[in-house]
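A short worksheet on the structure shown next.
The values are calculated or read from the model by the stated rules, or taken from the named source; none is laboratory data. If you're wondering where the values come from, they're calculated on a predicted model, not measured in any experiment. Reconstructed Cβ throughout: ideal geometry from the backbone, glycine too, with neighbour counts over all protein chains shown. In case anyone asks, the SASA skips ligands and DNA or RNA and just uses the protein heavy atoms, side chains included. Shrake-Rupley method; radii C 1.70, N 1.55, O 1.52, S 1.80 Å.
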Amino acid sequence: MIQERVKIFDTTLRDGEQAAGAGMTTPEKLEIARQLERLGVDVIEAGFAASSPGDFEAVATVAREIRGSTIASLSRAHPTDVDRAWEAIKGAAQPRIHVFLSSSDIHLMHQLRKNREEVMDMAVSMVARAKGYCEDVEFSPMDASRTEPEYLYTMLRAVIDAGATTINIPDTVGYSIPEEFARLLKDIQSNVPNIHKAVLSVHCHNDLGLGVANSMAAIQMGARQVEGCINGLGERAGNAALEEIIMSIETRKDYLGVTTNIDTTQIYRTSRLVSDITGFPIQPNKAVVGLNAFRHASGIHQDGILKERSTYEIMEPASIGWPGNALVLGKLSGRAGLRSRLEELGYHLNPEDLAQAFEGFKALADKKREVTDRDLEALMSNQRRAITEAPTYTMEHVQVSCGSHEIPTATVRLRGPDDSLTTDAATGTGPVDAIYKAINRIVEVPNTLSEYTVKSVTEGIDAIGEVTIRIQKNEGVYVGRGADTDILVASAKAYLNALNRLLSMEEAKKESATGSPNP
Ligand code: KIV
Ligand code: ZN
């Protein structure tokens, strides 16, 4: 049987980044885009070029560097947005402009404050403008699932006539129920006479936890592009989780009769990378990529698995690239052993980066007898941060004195933007507080700490501690992560990571000309 292909459209870098506190720098976005290309996604929505110079730069960089996927920029239905979107993506091998405009009366009345005719004109003229630049144009009637159907059909017909090649139906506020959403897709196909000239796409939010279910119902009703984010990241409760949609299609192709272009063995690595960069942890019981997704706790299940895996497992862990929990390396392991294990985990390093990884590995193996895959992941994530964060400040030294009868006191030495070394000390209510105050005395960027979590990467007293923090300055929330066998050192690294991100994102925002709000 020939199976029809469903295009996978990833918007982790755009709608995903709209999740509060998930801001990413351009090098981080590029790293995720490279991994999405390895995963085989058809379209990467790299950002919303007109929203800020930082976003423009990120979209343009991804467009220049990624050759294997279509690169889209989101654009409001405004002439300057469309022009900016094209400017950012014109270097892509396969560029796409994604124009969106609200279509529901609620949005027209309260947000756009325009009537239906005015909005129709904007949609048609901006799709035509985009088409003047680019053959591949997507149009999204925002809040489509709450739009009066006849108006929606008319709008879709008109934008297809104006040149839209993909029609995306967003359930913007995650309001739909699967059967109802499928019916909407069916009605669109019956009532928009030229719909066969465009690819029908869906974009479901997860406010009622139905994002994936609605997307699957739409695929069954003929949608041939599906949009979502890795790990279900996104505005509010997030977007439909792409890895769940992909594995549903893969696992139930017998029933659904469709397929994708995805290399599913890249799912695990993509999921970890997105979690690591955004600082959004993956819940243990998360479908497909959670820590427990392939763990069998009950005796009866374990018995079945030992006899025949398919008794209780519908997907093989290896099919998503799950590395297992192998104990791999130790103090005596060599560079070749490290390189080969890292490659198995999906890290392909150039000689320089491998040399740095080996240094980190040796230092870790001196402290820890057994180095597991999770330790290697933590090590690589520290190294990635050092490479991609373009650090303004780096830590040279941290020392803390604390105890039951001591006033916690920290001394830190930082290398600053001009390469100068500064040492300072502070006391605090606890050792972490003392470290952060000492760092504040040097960096002098007022902020508040809104989240601090520490967790161990593996079991055991010698485990690496991973610290995730979020700091807030004005409207901005910035994540920071650090890992070390000493959790105070990890805390200091996490704080500097967050401060460096704050400084670089503020720099990018400073030049912001338009300040367009995100959808
Ligand atoms: O949720 C939404 O409606 C969107 C559109 C911009 C596609 O993100
Ligand atoms: Zn959305």
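Structure above, values below:
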{"item": "Chain lengthening between Asn474 and Tyr452 when straightened (0.36 nm per residue, less Cα-Cα)", "result": "6.1 nm"}
{"item": "Total formal charge among the other residues, if their Cβ is under 12 angstrom from that of Val124, Lys/Arg +1 and Asp/Glu -1", "result": "-1"}
{"item": "Summed side-chain charge close to Arg470 - residues other than Arg470 whose Cβ falls under 13 Å, Lys, Arg +1, Asp, Glu -1", "result": "+2"}
{"item": "Heavy-atom surface of segment 323-388, accessible at 1.4 Å and reported per residue (Å²)", "result": "51 Å²"}
{"item": "Violating pairs (Cα-Cα greater than 32 angstrom) within the set Lys29/Lys473; Lys7/Lys90; Lys7/Lys131; Lys7/Lys307; Lys7/Lys473", "result": "Lys7/Lys307; Lys7/Lys473"}
{"item": "Accessible area of segment 4-278 divided out per residue, in Å², using a probe of 1.4 angstrom", "result": "34 Å²"}
{"item": "Relative contact order (percent, whole number), segment 4-278, Cα cutoff 8 Å, 6+ residue spacing", "result": "21 percent"}
{"item": "Total charge dipole magnitude, segment 323-388, about the Cα centre, Cβ charges on Lys, Arg, Asp, Glu only, Debye to nearest 20", "result": "220 debye"}
{"item": "Computed [θ] at 222 nm, helices only, for the chain once each DSSP H run of length n ≥ 4 contributes -39500 (n - 2.57)", "result": "-12500 deg cm²/dmol"}
{"item": "Potential extension, Ser340-Glu444 segment - 0.36 nm per residue separation minus Cα distance", "result": "33.1 nm"}
{"item": "Zone residues, segment 96-137, relative to Asp187, backbone N less than 14 Å from point 7 Å out along Cα-to-Cβ", "result": "104-105"}
{"item": "Label point distance in nm, Glu370-Gln399, each placed 7 Å from Cα along Cα→Cβ", "result": "3.6 nm"}
{"item": "Burial order of peptide ranges 139-146, 36-43, 185-192 (average beta-carbon count within 10 Å, highest first)", "result": "139-146, 36-43, 185-192"}
{"item": "The chain, relative contact order in percent, only Cα pairs under 8 angstrom and at least six apart counted", "result": "13 percent"}
{"item": "Accessible-area value, Arg76, 1.4 Å probe, nucleic acids and ligands omitted, Å²", "result": "50 Å²"}
{"item": "Simple label model, 7 Å out from Cα along Cβ direction - Asn194 to His348, nm", "result": "4.3 nm"}
{"item": "Fraction of accessible area attributable to carbon and sulfur, the chain (%, probe 1.4 Å)", "result": "51 percent"}
{"item": "In Å², nearest 10: area of Lys7 left accessible to a 1.4 Å probe", "result": "70 Å²"}
{"item": "Shape call, segment 107-200: gyration tensor on alpha carbons, a/c limit 1.5", "result": "oblate"}
{"item": "Accessible area of segment 394-513 divided out per residue, in Å², using a probe of 1.4 angstrom", "result": "50 Å²"}
{"item": "Two-site FRET efficiency, Arg252 against Asp433, from Cβ-Cβ distance with R₀ of 45 Å, rounded to 0.05", "result": "0.30"}
{"item": "Rounded accessible area of Asp207 (nearest 10 Å², 1.4 Å probe)", "result": "60 Å²"}
{"item": "Value of Rg/Rh across the chain [Cα atoms, Kirkwood radius]", "result": "1.00"}
{"item": "Hits among aspartates and glutamates - C-alpha to C-alpha of Lys362 under 13 Å, sequence gap 8 or more where chains match", "result": "Glu370, Asp375"}
{"item": "Cut-off 13 Å between beta-carbons: net charge of the residues surrounding His301, Lys and Arg +1, Asp and Glu -1", "result": "0"}
{"item": "Candidate lysines - alpha carbon under 20 Å from Lys286, same-chain residues fewer than 8 apart omitted", "result": "Lys455"}
